[in-house]
Structures are given as structure tokens and as C-alpha cells.
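The values are calculated or read from the model by the stated rules, or taken from the named source; none is laboratory data. Since this is a predicted model, take the numbers as computed values, not measurements. Every residue, glycine among them, receives a Cβ derived from its backbone with ideal geometry; neighbour counts consider all protein chains shown.
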């Protein structure tokens, strides 16, 4: 059982966002793309664990600003049809659809939320935050815009949320879902800002440890703990200073009978209260004395230990930036642990991760990735298997740079990357903010396909492809079909490889031969021999100003297009 589909309407930066989820989903995106807002949206219809409490009542800043402006602009235009006004009222809706429901106990959790989607049964719930009375809300809004200038279209008003209320319904029948049903679908999260996880003043770690211990202890162990607690209290009572508290006073003999009856007995502490006095340690130190990375590692391990084998209720676990403060070795450990834990977990466990680290994303399977861009969520579940195999072999390939850089150039190998970066560095005043990635192979089509999937309608993003001809006219034709001369620019060498084009461009061969070898006609062969080493030597001389050569035409054209 998983949450298979999410739709968010008018919440923060999302006017409308729809996406599918899997057992493990990895959310990626640039800063301020809405990854944390996505987490907060999911919390609204689900039962929130007390590890991360957040009210389901919203404030004006939770509304999408465009939806607010659209409503007030509509109201300002005074349409005759009242439906035009009521249909523009900002309403926040979060819809969750549950899928992969096979077992009887899974159906028992969602059975009352049955609906029909395209003629097929489905289970769906929806959080709605809307005005209690549309008439009262519209009257209030009309008062706000009285005297507003006709030509001012800013409409930056606040939403009077005191006139709003929320409900969580089954979309099938529109009825409110009682808490005793919602409590069986929970969300638990590790937020990006978690540096106080094991600080002595908050001790979030204790809460998680307590829950884990409660779940793991059997009945005999619980009874033994209660006995030990009682014996501990009796030891306290036997201390001399403790006994002196209840000493008889000879000056007040009439009180002796009362004093004899006074005693101390242990509070009827529940198991949770007893266990909450246990503090996590690591080695010989308290956990809060360790570094942030060590604490973060242990937090994630405890988190999965507690929730992954749960059989009582459905749990969606959301981890923001698991890489925070982790060393390379610990990040590898966490990545492997998360992947295996999700694969081996019970059916009532689902995980969503946000990340800014390419190696974590590559290792957790790119098919699980969902990229946020603007008001769009792009899933890569149908990406070509060749890319998955490629990323598995090259976990450090910066897939995030490919997807999110404003200007990027893809090249085949390190010699092209070294040469182009040298040119960029020499002209950094004009050629700034251009990233170069070596893909280590000849085919670019798969990379162009995934770039287009996310950035195809974004006029601010540009990509250049610089490739070798390699005597393959068919491959050249296939790649140049991607060139739209607006955002995608594909150029191929005129000769066999880059080294050939460097040697045949203007007086480059003469300049290089005078510095390295005697014969101009052997420059291309010289550059191809010990390719990376010789190219590095050439580029160092160019960087130092000792050699000045002309940039080959195919590279120069791409650079001009990207500026």
C-alpha cells in the first residue's frame, strides 16, 4: 500500500501540482522550488506524529499568491455572474490517492474512502481549507478593495483565514473522515533543520528511542522493568536523609498519629515515562556531545528502525536532505541502508526523500526521481534503462547540474572538458555561469531527452552539445535533429575529433608545432597521443598566455549561442 498520487491546489508556491509517487520517491529541485512545501502539504490530510507537530489550520501566507490576486482582480472587475466570483475564491485542496492495496488489513484502513477514477475503483482522501460562508467572505473582501485604484493590479491583500475552516473528506462521498480512521494513515518526517535532534534542551532523540523501545519490548521485559522501578524507589526510601523528612516532633505529640501514616509511594508511571529517562549515547559520551554528522546518521538509523516494520498503521516517512553534515563514508552507509530498508520493509511503509547530492540520487535509482520546476513535477519513472545503468556505474555524475543549470555544455570526454573550461576561464567576463560536463561516451540523446522532459518549455534554460564526428554521419544527423537554435545547440567537429579541428583551424597548427614539434602536419597526431596529458599541457600554456590559438568553429558557435 502506498500513496500513489498527489494533487496540490493553491498551496504556497503550487497553484496546481500533480505527481505520482512510488514506494521510494526522491524529490529534487532548485532552491525555492517547493520541496519543503510539498512535505507540508502532505501533512495536512495525514495524521501527524508528535515528533513534528504542525497545525492543520492555515494562515494567509499559506495561500498561493497568484490565486489571491486572481480572486481580488475578479472581484474588482464586478462581474454580473456571481459564479465567476465564487469559482475564483482561493481554496486550498490536497488530494491523496492510495494504490497497490492487496491485503485485507490494507483495505480495512482505506475501505471507507472508495471512489471511482476513470471507471476503476480507487481510494482517495482530500484536505480542504475554504470559507465557512462564501457570502461572508465575499462581503469582507469587497470592503477590502473599496476605493482601490482602477489601474492598480497588484492586489496584494491578505486572506482573512479566521473566516476559513478545514475538513478532511473522502472524495467518493464527500463526507468528513473521523479521526479514528485518519489515525491509521500517518506521516513522520525528519526536517532539513534538525541540528537540535539530540541537544540536551530538546532531546528529540529520546522521543524516538522511547517509541522504539516500547515497540521492541515483550510483555515479560515490560514487567521486569516495572519491578526494577519499584525496587529502585524502595532503595531511595531506605536512605537516612529521606527518612528524616517524616520525623516525629516531640513538641507536637498530637501529630504523631498523622506522621506515622504518611509515606512515599512511587507514582504509577507508565512505561513511556520510565523509558523517557533514557538518553542516547555513543561510545562513552552522550549523543548530544557528538558532531552534527554523527547525530544525523544515528537519527536516520533510529527513524527507519522504528517505522519500517510497523504493521499497525500506514506510515509515510519523509526525510529532507539525508546527506546533511554526513561525510562521504557515512553518506554511502545511509544511502545503502535507506535503499535496502525500503525494499525489505512491510507493505505499510513508504518513503520520500529530498536531496541535493547527485551520488545519493544516482544510487537510489533515477526512476524514483521526481523533479520540481516551477509549477511542474516531472517523474522519470519511464526513463531509458541505459541511463539507469550509466548512473549506476558513474554515481558521481552530476545529474543535478545537467537538469538545473541555466547554461550547460555536454561533451564526450575529459579533453573537450579541459579545453572548453580553459576558454571559459579566459573569457569569464563574457562567458560566465556556463557549466561543462563530460559524459564519458559518444551518445547524447538520452541526456537530451531527460533535459527536454524538465526544461523543454523553459526559455531561460539552454544546453549545448559539442561532439566528435568520428566518421558517423548517421549519428550526426540524429543528434542535430535536437537543435532548435533557441535553447538547444548541437555542433559536431568537421574533422574526426576535436584534436583534428584544433589543428586545422587557422594558424593553430603552426603555433602549436613551434612550441612542441617541428612538423605542422603532425599536430593533430601529437594532441591525440597521450590525449589528456597533452591537452592539459596545451591548456596550461594557453592559460598562462604563452600560446594563443583560435577556438574551433563548432565550439565557438555554441559559446556564442549560450551567451
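The residues of the range 321-331 that are in contact with a strand residue (DSSP E or B) (Cβ under 7 Å, 6 or more places away or on another chain) and surrounded by fewer than 22 Cβ atoms within 10 Å (Cβ to Cβ) amount to a single one, 321. Whether a residue is at pLDDT below 90, surrounded by fewer than 17 Cβ atoms within 10 Å (Cβ to Cβ) and outside the structural domain of residue 11 (by TED's automatic domain parsing) was assessed, and residue 151 does not pass this test. Looking across 465, 450, one residue alone is surrounded by 19 or more Cβ atoms within 10 Å (Cβ to Cβ), at pLDDT below 95 and in contact with a helix residue (DSSP H, G or I) (Cβ under 9 Å, 6 or more places away or on another chain). It is 450.
For the condition in contact with a strand residue (DSSP E or B) (Cβ under 8 Å, 6 or more places away or on another chain), over 24 Å from residue 177 (Cβ atoms) and at pLDDT 95 or above, residue 137 qualifies. Please indicate, with yes or no, whether at least one residue in the range 529-542 is surrounded by fewer than 14 Cβ atoms within 10 Å (Cβ to Cβ), free of Cβ contacts under 8 Å to residues at least 12 places away in the same chain and over 20 Å from residue 414 (Cα atoms). There is no residue in the range 529-542 that is surrounded by fewer than 14 Cβ atoms within 10 Å (Cβ to Cβ), free of Cβ contacts under 8 Å to residues at least 12 places away in the same chain and over 20 Å from residue 414 (Cα atoms). Taken over the range 468-496, the residue count meeting the criterion of being surrounded by 21 or more Cβ atoms within 10 Å (Cβ to Cβ) and farther than 19 Å from residue 435 by Cβ is 2. Working only within the range 296-311, note down all residues that are within 14 Å of residue 343 (Cα to Cα) and in a helix (DSSP H, G or I). If the condition is that a residue be within 14 Å of residue 343 (Cα to Cα) and in a helix (DSSP H, G or I), then 304, 305, 307 are the ones that fit. Residues in the range 247-292 that are surrounded by 15 or more Cβ atoms within 10 Å (Cβ to Cβ), in a helix (DSSP H, G or I) and without any contact (Cβ under 8 Å) to a residue 60 or more places away in the chain: 271, 274. When you check residue 424 against the structure, is it outside the structural domain of residue 502 (by TED's automatic domain parsing) and surrounded by fewer than 21 Cβ atoms within 10 Å (Cβ to Cβ), yes or no? When the stated conditions are applied, residue 424 does not pass them.
Regarding the range 300-315, can at least one residue be identified that is surrounded by 17 or more Cβ atoms within 10 Å (Cβ to Cβ) and modelled with pLDDT of 90 or more? Yes, because at least one residue in the range 300-315 is surrounded by 17 or more Cβ atoms within 10 Å (Cβ to Cβ) and modelled with pLDDT of 90 or more. Kindly establish whether residue 417 is closer than 29 Å to residue 384 by Cα and either buried (at least 17 other Cβ atoms within 10 Å of the Cβ) or within 31 Å of the chain's Cα centre (by Cα) (or both). It is true that residue 417 is closer than 29 Å to residue 384 by Cα and either buried (at least 17 other Cβ atoms within 10 Å of the Cβ) or within 31 Å of the chain's Cα centre (by Cα) (or both).
Quick check: is even one residue across the range 381-401 under 30 Å from residue 441 (Cβ atoms), touching a residue at least 60 places away in the same chain (Cβ under 8 Å) and surrounded by 22 or more Cβ atoms within 10 Å (Cβ to Cβ)? No, because not a single residue in the range 381-401 is under 30 Å from residue 441 (Cβ atoms), touching a residue at least 60 places away in the same chain (Cβ under 8 Å) and surrounded by 22 or more Cβ atoms within 10 Å (Cβ to Cβ).
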